[in-house]
Amino acid sequence: MRFEIMRLDDVDGSAIDITVVDAASVNRIVQQAAAIGQRIYIRPAETAAR
């Protein structure tokens with residue numbers, strides 16, 4: 001499964017950077033964001049229609 005991770009602006013909460021990663025990478029990214037106090041939003045990435 002893939003997830004979309006958005007880095008959020010500290011002032012207004014708007015997305016300033018969007019990355020799509022696999023499930024194995026989510027924990028590492030969350031830990032890194034927590035270590036520096038970065039706000040992020042995580043949701044399942046949209047998949048292409050079959």
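Is there any pair with a first residue in the range 3-22 that is under 17 Å from A34 (Cβ atoms) and at pLDDT 95 or above and a second that is part of a loop (DSSP other than H, G, I, E, B) and open to solvent by less than 40 Å² (accessible area, probe 1.4 Å) whose Cβ atoms are under 6 Å apart and which are 6 or more apart or on different chains, and what are they?
That search, which allows pairs on different chains as well, returns F3/A45.
For the range 6-13, state whether one or more residues are part of a loop (DSSP other than H, G, I, E, B), exposed (fewer than 12 other Cβ atoms within 10 Å of the Cβ), of a type in the set (D, E) and in contact with an Asp or Glu (Cβ under 8 Å, 6 or more places away or on another chain).
No, the conditions are met nowhere in the range 6-13.
The values are calculated or read from the model by the stated rules, or taken from the named source; none is laboratory data. These numbers were taken from a predicted model, which means no experiment stands behind them. Here the Cβ is made from the backbone with ideal geometry for all residues, glycine too, and neighbour counts use every protein chain on show. Ligands, DNA and RNA are stripped out before the accessible areas are found, and what is left, the full protein with its side chains, is counted by its heavy atoms. Shrake-Rupley method; radii C 1.70, N 1.55, O 1.52, S 1.80 Å.
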